[in-house]
Amino acid sequence: MQKLVPMSNPFLEPSTLDYQLPPFSAIRDEHYLPAFDAGFAEHLAEIDRITGSDEAPTFENTLVALERAGRTLDRVSRVFFSNSSSHATEAIQELEQQVAPRIAEHEDNIKLNRALFERLRQVPVDGLDEESARLVEEYVRSFVRAGAELDDDAQVTLRGLNSQLSALSTEFSQKLLKDTNDSALLLDSADELDGLSADAISAAASAAAEAGHEGKYLLTLILPTVQPALESLTSRDVRRRLHEASIQRGARGNDADTLAIATRMATLRAERAALLGFDTHAAAATDNQTAPSLEAILERMRELAAPAVRNARAEAAELETEAGHPIEPWDWAYYAAKVRKARFDVDLDALRPYFELERVINDGVFYAANRLYGLTFTERPDLVGYHPDVRVWEVFNEDGSGLGLFLGDYYTRDTKSGGAWMNSFVDQSRLEGTRAVVINNLNISRPGAGEPTLLSYDEVVTAFHEFGHALHGLFSDVTYPLFAGTSVPRDFVEYPSQVNEMWILWPEIVAHYARHHETGEALPQDVIDRIHAAGTWGEGFETTAYLGAALLDLAWHSIPSGTVVEDPLAFEAAALADAGVDFAPVPPRYRTSYFKHIFAGGYAASYYAYIWSEMLDADTVEWFKSSGGLTRRNGDHFRRELLSRGNSIDPLEAFRRFRGRDADLHPLLVRRGLA
């Protein structure tokens, strides 16, 4: 009888592919659990060797050993949790329910290890270079924040809280994905889609066919409250139904309801914060950010709220004049587009034929990176991703040396979470001899067979934004994995991505990619001028909607330990009213039931980060403009002093070295129409 040979597990050794790209074609669902088991055991054994050493703690035998540890666990975790967002099949979701609590337990086993903590505290820092000294400091700080100084009973309680929160976060994410798919608006007739472009109607027909509704039309939902089709649909009833489908996700009282999960998570986070010595989770979460304090964050948010709402009310008055009736949330985007067109002669939806996906990526996003940083991109069809939609490019420096790999996963599908994001499969590290492998995920509707993929203007912005994150990862030039790429404070990480948006309408860039997909005609300069002129129109809405979400996040995470929230929707309404952003026609960008950023995305008490980072971004845009714009000299300076540094130095110090001073708030106020 032939003996069965166990299948080899591709996670147990470093990948032999270029840049250690995970061998996706060899990875099967059955590989994950054995790889996690092996990874947990290997990592703990490595920690035991560190703590069991008879030698006095040194930087090499403790910090360097710690940075080298856990490589198997790192490989499997990066692939698995990328898939749990990008391609969450039923099998992946079932595995995630098993794995997520074990990850939380394992992290506690490391961070609450008293012997390891004591060795870290004894490592001498005299004579270390700047990055190495910072590594010691950051490890000690992270262990303290994780509860290493708590007594045994408190650590047992902490472990229980962490385990519960991990499981709840997974449950929130999976239920939201299900209800987002289930809440898509199904329509019987193309007449109901009047106002949408032909390619958008085709995409809705394709989505319906894929969902088993041949001959009908399906408007799928993106993660934020406002759905793109609201700007164009002429039927007020269809707009209302689409808006209600969006805001009722996770709050419909069905088996995918997320409100109870969100409430429970906020309560547990408050309890954990108190255990760690903080008044609230918001105080704990903002303790290690670039913002000086929670009080400073709240003060800044409230300073912006009053003028933002004032501008939104003024915009609403204009919209009501245009509409001839009071403006409801589902009317805003539609009439805002009309007013924009009447005042500035700008119809963003009409620009879609100029934004074809291939040109946006190759002749826009990549071309800007070439002009600014000297990068070139070669598509590698021989390298495959985790799904047929994923494409792989090798990225080269100007001198021809390989920088890393960039993966793009652009289309929406039922197994993908809403929104857009960047992940890293391999971090750059001189210690490990690795270069970056990063991916951007978008959620663009797939066109009908044989038709071009035409993007909305907002989707073009998203493509440039997410590639800013990718550049942050690719340009990393640090020694230690802990500091690589985007491993910076949450209220700094959005800064480089927001800066990259500035090139969308930069003359040399927009002329290169924004061309009509049929005629090749360039987007007319007078249209570009009018888009610039309309720049602050609608900022009252945008800023109010954003602040509504940011302040709602801080409200949920400012409840003291022991608080019981009986009615989460009532809590939400009161929080918006208390913050002064409860203007009915402008709902928050995310409501509690689908606020994935804070309940399943690492942004708890940190959604404020976008506008905090934007202060740095707006000031940087002014620097580029005043320093000659799109030049290699400017790009090299930004890359060298900031993008390459990761968290190897204090991020605000990196900004000062780049800018020559601290950030100025004024450019942000001008951009947002709040000056």
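Assorted remarks:
- Screening Val390 with (1) surrounded by fewer than 19 Cβ atoms within 10 Å (Cβ to Cβ); (2) over 19 Å from Gly520 (Cβ atoms) gives one miss only, at (1).
- Restricting attention to the range 346-377, the residues being of a type in the set (S, T, N, Q) and touching a helix residue (DSSP H, G or I) at 6+ places or on another chain (Cβ under 9 Å) number 2.
- Screening Gly548, Gly562, Gly540 for residues that are touching a residue at least 60 places away in the same chain (Cβ under 8 Å) and within 30 Å of Phe344 (Cβ to Cβ) leaves exactly one candidate, Gly540.
- Here Leu665 meets each of (1) within 22 Å of the chain's Cα centre (by Cα); (2) more than 23 Å from Leu375 (Cα to Cα) with one exception, condition (1).
- Yes/no for Gly374 being under 13 Å from Tyr513 (Cα atoms), touching a residue at least 12 places away in the same chain (Cβ under 8 Å), of a type outside the set (S, T, N, Q) and outside the structural domain of Ile27 (by TED's automatic domain parsing): no
- For the range 518-551, the candidate set comprises residues that are assigned to a loop (DSSP other than H, G, I, E, B) and among the charged types (D, E, K, R); within that set, the residue that is nearest to Met301 (Cα to Cα) is Glu521.
- Scanning the range 79-101 turns up no residue that is assigned to a loop (DSSP other than H, G, I, E, B), of a type in the set (Asp, Glu) and either surrounded by 14 or more Cβ atoms within 10 Å (Cβ to Cβ) or without any contact (Cβ under 8 Å) to a residue 24 or more places away in the chain (or both).
- Selection from the range 54-70 of residues that are under 27 Å from Phe425 (Cα atoms), in contact (Cβ under 8 Å) with a residue 12 or more places away in the chain and surrounded by fewer than 16 Cβ atoms within 10 Å (Cβ to Cβ): Arg68
- Evaluation of Leu554 against (1) out of contact with any helix residue (DSSP H, G or I) (no Cβ under 6 Å at 6 or more places or on another chain); (2) in contact (Cβ under 8 Å) with a residue 40 or more places away in the chain; (3) in a helix (DSSP H, G or I) (one fails), failing number: (1)
- Among (1) over 30 Å from Asp650 (Cα atoms); (2) free of Cβ contacts under 8 Å to residues at least 24 places away in the same chain; (3) not basic (Lys, Arg), the one test that Asp129 misses: (1)
- Failed criterion for Gly628 (all others in (1) farther than 22 Å from Tyr373 by Cα; (2) without any contact (Cβ under 8 Å) to a residue 40 or more places away in the chain hold): (1)
- Residue in the range 197-217 that is buried (at least 21 other Cβ atoms within 10 Å of the Cβ), among the hydrophobic types (A, V, I, L, M, F, W, C) and assigned to a loop (DSSP other than H, G, I, E, B) present: no
- If you go through the range 424-445 and keep only what is assigned to a loop (DSSP other than H, G, I, E, B) and either in contact with a Cys (Cβ under 8 Å, 6 or more places away or on another chain) or more than 22 Å from Leu221 (Cβ to Cβ) (or both), you end up with Asp427, Gln428, Arg430, Leu431, Glu432, Gly433, Arg435.
- Qualifying residue in the range 218-225 (condition: of a type in the set (A, V, I, L, M), touching a strand residue (DSSP E or B) at 6+ places or on another chain (Cβ under 7 Å) and within 21 Å of Ala604 (Cα to Cα)): yes
- Taken as a whole, the condition of being at pLDDT 95 or above, surrounded by fewer than 21 Cβ atoms within 10 Å (Cβ to Cβ) and under 27 Å from Thr543 (Cβ atoms) applies to Leu652.
- Selection status of Asp331, charged (D, E, K, R) and closer than 16 Å to Leu523 by Cα: no
- Criterion: surrounded by fewer than 17 Cβ atoms within 10 Å (Cβ to Cβ) and either part of a strand (DSSP E or B) or touching a residue at least 40 places away in the same chain (Cβ under 8 Å) (or both) - qualifying residue of Gly385, Gly400, Gly448, Gly418: Gly448
- Counted residues, the range 616-646 - those being buried (at least 21 other Cβ atoms within 10 Å of the Cβ) and either among the hydrophobic types (A, V, I, L, M, F, W, C) or under 30 Å from Thr170 (Cβ atoms) (or both): 6
Results for (1) part of a helix (DSSP H, G or I); (2) surrounded by 22 or more Cβ atoms within 10 Å (Cβ to Cβ); (3) in contact (Cβ under 8 Å) with a residue 24 or more places away in the chain, shown as yes or no for each residue.
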residue: Leu233; (1), (2), (3): no, yes, yes
residue: Gly250; (1), (2), (3): no, yes, yes
residue: Asp257; (1), (2), (3): no, no, yes
residue: Arg269; (1), (2), (3): yes, yes, yes
residue: Thr290; (1), (2), (3): no, no, yes
residue: Glu299; (1), (2), (3): yes, no, no
residue: Ala308; (1), (2), (3): yes, yes, yes
residue: Arg313; (1), (2), (3): yes, no, yes
residue: Ala317; (1), (2), (3): yes, no, no
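- Taking every residue in the range 31-53 that is farther than 23 Å from Phe80 by Cα and pairing it with any residue that is surrounded by fewer than 17 Cβ atoms within 10 Å (Cβ to Cβ) and small (Gly, Ala, Ser), at least 6 positions away or on another chain, the pairs with Cβ-Cβ distances below 6 Å are Thr51/Ala115.
The values are calculated or read from the model by the stated rules, or taken from the named source; none is laboratory data. On a predicted model such as this, the values are computed, not experimentally measured, just so you know. Cβ atoms come from the backbone with ideal geometry, glycine included; neighbour counts cover every protein chain shown.
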